[in-house]
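Working notes, structure below.
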Amino acid sequence: MQEVDTVALITAWESGAPVLDVREDYEYLRGHVPGARSIPLPELSARVGEVPPGGTVYVICESGNRSKRGAEILESAGRSAVSVAGGTRAWVSAGREVRRGPTP
């Protein structure tokens, strides 16, 4: 399982790479990377089919711990995935936009 920093996430996000937020729904609603899809970690194994195949998926959580497990789950299902070190906290610390509420 590979881990990337926030700079790599920003570059990938700006290029349209998929971002998967594996935090609980209430955490996601409080603030997330714009466009990030929400699938809480406890549900991910059963919902892997909802993650688009193809390019690398950037898995994010609050600080980077749950995203490691999320990336492992996706990789074991044949998806390319990386964990974002520092998670949403690092995204916010980098001064990046945060969306609140559900993604439309």
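The values are calculated or read from the model by the stated rules, or taken from the named source; none is laboratory data. Keep in mind the model is a prediction, meaning the values are calculated, not measured. All Cβ positions, even for glycine, are placed from backbone atoms using ideal geometry, and neighbour counts span all protein chains on display. These accessible areas exclude ligands, DNA and RNA; they are computed on the full protein's heavy atoms, side chains included. Shrake-Rupley method; radii C 1.70, N 1.55, O 1.52, S 1.80 Å.
For the range 80-95, state whether one or more residues are β-branched (V, I, T), open to solvent by 50 Å² or more (accessible area, probe 1.4 Å) and assigned to a helix (DSSP H, G or I).
yes
Give the residue that is surrounded by the most Cβ atoms within 10 Å (Cβ to Cβ), with candidates limited to residues of the range 1-24 that are under 17 Å from I73 (Cβ atoms) and touching a Leu at 6+ places or on another chain (Cβ under 9 Å).
Going through the qualifying residues, I end up with V22.
List every residue pair whose Cβ atoms sit under 9 Å apart, with the two residues 6 or more apart in sequence or on different chains, where the first one lies in the range 5-20 and is in contact (Cβ under 8 Å) with a residue 12 or more places away in the chain and over 13 Å from A36 (Cα atoms) and the second, anywhere, is open to solvent by 40 Å² or more (accessible area, probe 1.4 Å) and of a type in the set (D, E, K, R).
T6/R96
Here is a yes/no grid of residues against (1) open to solvent by 50 Å² or more (accessible area, probe 1.4 Å); (2) in a helix (DSSP H, G or I); (3) aliphatic (A, V, I, L, M):
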{"residue": "G35", "(1), (2), (3)": "yes, no, no"}
{"residue": "P53", "(1), (2), (3)": "yes, no, no"}
{"residue": "V59", "(1), (2), (3)": "no, no, yes"}
{"residue": "S67", "(1), (2), (3)": "no, yes, no"}
{"residue": "E97", "(1), (2), (3)": "yes, no, no"}
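Return yes or no: is E27 in a loop (DSSP other than H, G, I, E, B) and surrounded by 16 or more Cβ atoms within 10 Å (Cβ to Cβ)?
no
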